[in-house]
């Protein structure tokens, strides 16, 4: 292997660059954050308003006029509003010829939520897929820690070009495990907070919790990871420190 082909050095700066890149990619900027939240907000607000007696009477009359089932009519209308808002956001993206990744994600999310809610007729069940996703994601991350292949380490390996080199140093494995735990905690917290609210069938409060524990908590967790990296000086096996490891050329924060 030539020098130019050698995997990039593993260091604290490399990990920080990966986290910054993942943050930028995951959030999609302010617009991506808004687009991910809009369908949930529209669904919740619509459901609350459409359950009012006057609105429910109008919906029921319209359903009978057009020979539509009146069962869970407020839920059906609210889900339609949520899906419609996601489709509008997608259309705007297409017309602007910009990336549709985040609008597609939000559309898929609200569509899956609709399937769960329509199966039972309970609006609260629209939030079950999110809880299941967080529980499964947390379980996968914890499994990666327990088998000593922490997820953050795999991210480093993808950047450096060698998926296993980082495991040669126990200190790096420990640091990557700690950073992976910082991804686990938000997922567990979402489930721990939302599940009791789900059992109480408090749809408005459940939606509020989902939004509050969504991107804000994710950003806080990733910011804590970067803070840890900026203060930590874990010795490498050769006696140097992670802070002294060289950042590979071309790596670093994304352009602003």
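Values as computed for the structure displayed
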| quantity | calculated |
| --- | --- |
| Identity of the residue in region 99-133, within 21 Å of the chain's Cα centre (by Cα) and outside any helix (DSSP H, G or I), that ends up farthest from residue 205 (Cα to Cα) | 99 |
| Of all residues making up region 165-186, the number that are more than 12 Å from residue 221 (Cβ to Cβ) and part of a helix (DSSP H, G or I) | 13 |
| Members of region 88-120 found to be over 21 Å from residue 32 (Cα atoms) and without any contact (Cβ under 8 Å) to a residue 40 or more places away in the chain, listed by number | 114, 115, 116, 119, 120 |
| Among the candidates 189, 217, 211, residue that is assigned to a helix (DSSP H, G or I), touching a residue at least 60 places away in the same chain (Cβ under 8 Å) and within 15 Å of the chain's Cα centre (by Cα) | 211 |
| Which listed residue is at pLDDT 65 or above, over 26 Å from the mean Cα position of the chain (by Cα), surrounded by fewer than 13 Cβ atoms within 10 Å (Cβ to Cβ) and on the phi > 0 side of the Ramachandran plot, from 67, 54 | 67 |
| Subset of region 121-142 (residues that are under 15 Å from residue 187 (Cα atoms), in contact (Cβ under 8 Å) with a residue 40 or more places away in the chain and crowded, with 17+ Cβ neighbours inside 10 Å) | 127, 128, 130, 131, 134, 137, 138, 141, 142 |
| Total residues in region 141-164, condition in a helix (DSSP H, G or I) and either within 19 Å of residue 219 (Cα to Cα) or out of contact with any helix residue (DSSP H, G or I) (no Cβ under 7 Å at 6 or more places or on another chain) (or both) | 8 |
| Exclusive hit being touching a residue at least 60 places away in the same chain (Cβ under 8 Å), surrounded by 16 or more Cβ atoms within 10 Å (Cβ to Cβ) and within 22 Å of the chain's Cα centre (by Cα), set 152, 145 | 152 |
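Yes/no matrix, rows are residues, columns are (1) surrounded by 20 or more Cβ atoms within 10 Å (Cβ to Cβ); (2) in contact with a strand residue (DSSP E or B) (Cβ under 8 Å, 6 or more places away or on another chain); (3) within 20 Å of residue 73 (Cβ to Cβ); (4) modelled with pLDDT under 60:
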{"site": "10", "(1), (2), (3), (4)": "yes, no, no, yes"}
{"site": "28", "(1), (2), (3), (4)": "no, no, no, yes"}
{"site": "47", "(1), (2), (3), (4)": "yes, no, yes, no"}
{"site": "50", "(1), (2), (3), (4)": "no, no, yes, no"}
{"site": "58", "(1), (2), (3), (4)": "no, no, yes, no"}
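The values are calculated or read from the model by the stated rules, or taken from the named source; none is laboratory data. This structure is a prediction, so every number in the text was calculated from the model and none was measured. All Cβ positions, glycine included, derive from the backbone under ideal geometry; neighbour counts span all protein chains shown.
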